[in-house]
Amino acid sequence: MSQFVILYFAALIVASCLAAYYKKQGPFMTLFSLTLISFVLGIVGGAGTLRLVATFAAVLAFAAGVSYAFREFLVVIAPTKLGKELKTAPLTASFGMFVIFTYGIAAIFAPWIAPHGESEVIASAFAPADENMLLGADQLGRDMFSRIIYGARNSVGLALSATIAAFAIGAIAGLLAATKGGWFDQFMGRFADVIMSIPSLIFALLMLSIFGPHVYVIIIAVAIIYAPRVFRLTRAVAGNVVVMDYIEAAKLRGEGTGYLIRREILPNSTAPLIAEFGLEFCFVFLLVAGLSFLGLGIQPPTADWGSMVRENATLISFGDYTPLIPAGAIALLTVAVNFVVDWMLFRSSGLKEQ
Amino acid sequence: MAQDKSVLLDIKDLRIDGYTGEEWVPIIKGVDLRLHRGEVMGLIGESGAGKSTIGAAAMGYARDGTRIVEGSSIEFDGMELTTATEGERRALRGSRIAYVAQSAAASFNPAHKIIDQHTEAPLHYRIQSRVAAQEDAMDLYQRLRLPDPDQIGFRYPHQVSGGQLQRAMTAMAMACRPDLIIFDEPTTALDVTTQIEVLAAIRDIVDQFNTAAIYITHDLAVVAQMADTIKVLLKGEEVEQASTEDMLENPQEDYTKSLWAVRSFKRTQKRRPTGEPPVISVQNVDAAYTGGIKVLDDVSFDIHRGMTVAVVGESGSGKSTTARVITGLLPPTSGQVLFRGEPLPPSYLNRSKDQLRQTQMIYQMADTALNPKVRISEIIGRPAQFYSGLSGTALKHRVDELLDLIELEPSQYYDRYPPELSGGQKQRIGIARALAAEPTFIICDEVTSALDQLVAEGILKLLDRLQSELDLAYMFITHDLATVRSIADEVVVMQNGKVVEQGPKDEMFKPPHHPYTDLLLSSVPEMDPNWLTDLLEERGVDNIGEAADV
């Protein structure tokens, strides 16, 4: 029996004993059942499987540690009221915030972080990783790591501006429809139905083939596709606020639509709208990546995660993980945003009472 | 049948904690309660006194966010509920302990027929076959004097009236012939005329089956009719307990005495000022909602400067619709509203800023009338800013002045948000917002009906003081005749969208009355424990249902 296996079981058993001694039932059950499962895994898969389990657990523990530290950091630097809220955030939410924070830094400081240029050819095609290139080279011999960093700027920036555009259009239309009511509401509702009845990917492809694959065309096309969803949600949320007595009081005071929306309705509908923003951002991000993968998104040589997956796709048949790196970057951001959104939804839905 | 009077429910040192989001704070602080078979105990107190929490605890149930503290004992017929398993407790609920909630409309499932919901419990506990259970349901409907008892159960909940639904719910609670029923404010949401039939039905059926009951309410006059003993609660602690007669005649504690004295507030009636047009004159107004159903039919009345006109009637009588016509939210189909002799444009959209300023509203539910995301300073400051163009220190000064006027300390409330205030404080902020516009006429739509009696009295006194200081005219919409008695100068009685009677208050409370006014007046519960019995005799028990359906 190798030293690793002995250490592995010793660590597990000591940890479970400690958990049991301090009457931590949850951790104890997790640790001890892991010990029992490890017996089986060890017999079936040998030391290699145990090593995999240990690595997995270590990554998880590392992520949890980072999340915990990051949450405490946020609690300290945030103002007291916000800090109190953050204290109640689950680790998944702070993990999400940490990932978003990291992506943000990468996007903003891309030229300083990236060791090589965005489209600079520095090695042979598909060169393996070395000290110079952390993640190896892509199909033209450009540094994968640098392109991932620049990709954060391009892909995330594009998705963010498209989402903001969709929200600007959808939320304003929804608030107006809820406040005005009547024929305006009906007209906007049916108009949104018409847009939603067109298959989104086909609509985007159509727009891009007519107007050419410019960044502005992508942003506008994606905004038009997602605005009706935002419109529907905003109208429903604002619809519940509009019937309140304080809106009636404001109307009877003679307030205009602008004041009603800005001061009375919007403050009462921000929570679900912010949560929806996060959710829509993920969808937009995936749609933009999908467009890039089809070759109609951001055009080369600009680095973009979606097109990077496509360009390197052939390598997957050789068992190399290079094409999975940009895909992983997309997946990680989507999951991170969803973690944060989950927490926000949880807070605004009042489920926290339990 | 010899009636068994043994102890059924014995609660000792009941302590319940509630979770505030950060820590557990005590809600019930050691209450003892002993109930015999066939006994009806009334639990009274303000909101937040812990009445409903005790009611739920009697079933061994702690609501979400609350927990029963160790050391409390709830013994039901020899069985300790705090240590019983969830399964054992669940077996009691519905079969031996039943619960009747405040809003029957919200408690019935709208997708199933009433009788199917009624027979669910007996079928679940395998007490009766479906046919037997349905026959029993019809028998109970008859005993509760529901109209058409053989057929009514086959309707859906929305097809019967609120009072009938509340009785159907009482019948449902009786389905398994429980030993104990908990009534949680069963008549609070009903009109006075409907309330009587429900009270009479509940009292009869509890008596017939020797059922013990806990009757939770904040209305003393109601509890006087229903209960054998009364327990007064304040902030999770018992104030006192006594038999109903003793409690009414000879309350011991100061708090109980103050509860009893609330209804004594009464001010002198004012006379109409002469030689000037009324502030608001509603002239031959007809109104209809989209769909064409006429809700107001030839409504006319005047409101003079500095006077309070109470508009009374059951729900659906058109009181609030009249207010909507005056404010311009619902333009009338014919007729007009005059302000100081000048006709007001029918829709608020066409009224000038000054016309809008003159008429203000105070709402029933302060929770929905104040924007929860806006600071008090802005809620009150906005009308002053909007109409008078005040800003900066002048505005702050005006807000402070208004907060002083409603007896709230400005520095404490200036920066707070509505959800941080109590119900009474919120209502005061609503009043301040109306005053900020410097109106001459204020519509008060059921302003006290959502409040506890002591708080409501404070609001009425405040409104009265403001009226004499600022020479305001009030239109007071209410279904509570006690409020009318204390604050009104003139009374308008409405029924089915028509004005049936109007005149000065003193004349209205003196016979002869219009038959509907008479019905309304006689339906207001009084503190006399024999009031219900006498009234039922007077009216003749059988036609009580018809009387209320007028």
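Each peptide in A:25-37, A:92-104 was scored by the mean count of other Cβ atoms within 10 Å over its residues; highest first, the order is A:92-104, A:25-37.
The residue list A:Ala47, B:Leu472, A:Leu291 was ranked by how far each Cα lies along the charge dipole of the protein assembly as shown toward its positive end, using unit charges on Cβ atoms, and A:Leu291 comes out on top.
Summary of the geometry: segment B:154-174 and segment B:380-459, compared by the centres of their Cα atoms, lie 40 Å apart.
Both the radius of gyration and Dmax for segment B:96-206 are 12.6, 39 Å, in that order, over alpha-carbon atoms. Relative to the longest principal axis of the Cα atoms of chain A, the long axis of helix A:215-242 lies at roughly 70 degrees. In this structure, B:Lys498 and A:Val217 have a Cβ-Cβ separation that, at R0 = 56 Å, corresponds to a calculated FRET efficiency of about 0.30. Just so you know, the averaged projected area of the alpha carbon convex hull for segment B:461-507 sits at 3.7 nm². Compute a Gaussian network model of chain A, connecting alpha carbons closer than 10 Å, and tell me which residue from A:Asp304, A:Asp193, A:Asp143 fluctuates the most. Answer for the Gaussian network model of chain A: A:Asp193. The overall shape of segment B:459-542 is prolate: from the C-alpha gyration tensor, with semi-axes ordered a ≥ b ≥ c, the ratio a/c is 1.5 or greater and a/b exceeds b/c. Taking 20 Å² as the minimum loss, tell me which residues in segment A:233-255 lose that much accessible area going from the chain by itself to the full protein complex (1.4 Å probe). Checking the loss per residue gives A:Met244, A:Asp245, A:Tyr246, A:Glu248, A:Ala249, A:Lys251, A:Leu252, A:Arg253, A:Gly254, A:Glu255. Each of B:Met226, B:Gln269, B:Ile280 was scored by the projection of its Cα onto the charge dipole of segment B:198-312, and the greatest displacement toward the positive side belongs to B:Ile280; charges sit on the C-beta of Lys, Arg, Asp and Glu.
Under the Kirkwood approximation applied to all pairs of distinct alpha-carbon atoms, what is the hydrodynamic radius of segment B:7-261 in Å? Mean inverse Cα-Cα distance, inverted, gives 18.8 Å. Computed over the protein assembly as shown, the per-residue total of -39500 (n - 2.57) for DSSP H runs of n ≥ 4 gives a 222 nm mean residue ellipticity of -16000 deg cm²/dmol, rounded to 500.
Stretched out straight at 0.36 nm per residue, the stretch from B:Arg126 to B:Glu407 would grow longer than its current Cα-Cα span by 95.2 nm. Per residue, the convex hull around the alpha carbon atoms of chain A comes to 203 Å³. Here the alpha carbons of segment B:280-510 define both size measures, Rg and Dmax, at 17.5, 54 Å. The angle between the Cα long axis of helix A:157-180 and the longest principal axis of the Cα atoms of chain A comes to about 40 degrees, rounded to the nearest 10. Using R0 = 56 Å, the C-beta based FRET efficiency linking A:Phe56 and A:Gln186 works out to 0.55. Put simply, segment A:117-169 fits an ellipsoid with semi-axes of 31, 9, 7 Å; these come from the alpha carbon gyration tensor as the roots of five times its eigenvalues, largest first. Ranked by the mean number of other Cβ atoms within 10 Å per residue, highest first, peptides B:194-201, B:277-284, B:404-411 order as B:194-201, B:277-284, B:404-411. Sorted largest first, the spans of the alpha carbon positions of segment A:104-147 along the three principal axes are 29, 18, 12 Å. Summing Cβ point charges (Lys, Arg +1; Asp, Glu -1) relative to the Cα centre of chain B gives a dipole of roughly 1640 debye.
Convex hull volume of the C-alpha atoms in the protein assembly as shown, normalised per residue: 240 Å³. On full extension, the segment bounded by B:Glu88 and B:Glu135 gains 14.0 nm, given 0.36 nm per residue less the C-alpha separation.
The ellipsoid equivalent to the alpha-carbon distribution of segment A:144-353 has semi-axes of 38, 20, 12 angstrom, derived from the gyration tensor eigenvalues as √(5λ) and listed largest first. Using the alpha carbons alone, the radius of gyration of segment A:3-66 stands to its Kirkwood radius in an Rg to Rh ratio of 0.98.
Note on segment A:144-353: with charges restricted to the Cβ of Lys and Arg (+1) and Asp and Glu (-1), its dipole about the Cα centre is near 280 debye.
Look at the stretch B:362-373: the mean tally of other chain Cβ atoms within 10 Å of its residues' Cβ atoms is 5.
Extension gain for the segment B:Tyr289 to B:Lys257, taken as residue separation times 0.36 nm less the Cα-Cα distance, is 6.9 nm to one decimal. Which translational diffusion coefficient, to the nearest whole µm²/s, is obtained for chain B from the Stokes-Einstein equation, given a Kirkwood hydrodynamic radius over C-alpha pairs, 25 °C and 0.890 mPa s? So the translational diffusion coefficient is about 96 µm²/s. Interface area, chains B and A: about 1900 Å² of buried accessible surface, summed, with a 1.4 Å probe and ligands, DNA and RNA left out. Taking the alpha-carbon centroid of each part, what is the distance from segment A:260-285 to segment A:49-88 in angstrom? If you average the Cα positions of each part, the centres end up 27 Å apart. Select from B:Ser411, B:Thr66, B:Ala49 the residue farthest towards the positive end of the dipole of the protein assembly as shown; place +1 on Cβ of Lys and Arg, -1 on Cβ of Asp and Glu, and compute about the Cα centre. Most positive-ward Cα: B:Ser411. Approximating the spin labels as points 7 Å out from Cα along Cα→Cβ, the A:Phe318-to-B:Lys461 distance works out to 9.0 nm. In chain A, the longest principal axis of the Cα atoms and the axis of helix A:3-21 are about 60 degrees apart. In a simple Cβ point-charge model (Lys, Arg +1; Asp, Glu -1; nothing else charged), the protein assembly as shown has a dipole of about 2760 debye relative to its Cα centre.
For the pair segment B:481-529 / segment B:331-345, the C-alpha centres are spaced 27 Å from each other.
Summarised as an ellipsoid, segment B:146-288 has semi-axes of 35, 29, 11 Å, derived from the eigenvalues of the Cα gyration tensor scaled by 5 and square-rooted, with the largest first. Could you look at chain B and say what percent of its accessible area is carbon and sulfur, using a 1.4 Å probe and all protein chains? C and S atoms contribute 47 percent here. Using a Förster distance of 45 angstrom, determine the FRET efficiency expected from the C-beta separation of B:Glu23 and B:Leu338, and round it to 0.05. Approximately 0.20, to the nearest 0.05.
Between B:Ala288 and B:Val295, B:Thr333, the built amide H atoms are under 5 Å apart, and every one of these is 5 or more places off in sequence or on another chain.
Near the amide H of B:Ala98, within less than 5 Å, lie the amide hydrogens of B:Leu180, B:Ile181, B:Ile182, all on another chain or at least 5 residues away, with H placed in the peptide plane.
The values are calculated or read from the model by the stated rules, or taken from the named source; none is laboratory data. Not measured: the values here are computed from a predicted model. Glycine gets a Cβ as well: all are built from the backbone with ideal geometry, and neighbour counts include every protein chain shown. What goes into the accessible areas is simple: the full protein's heavy atoms, side chains included, and nothing from ligands, DNA or RNA. Shrake-Rupley method; radii C 1.70, N 1.55, O 1.52, S 1.80 Å.
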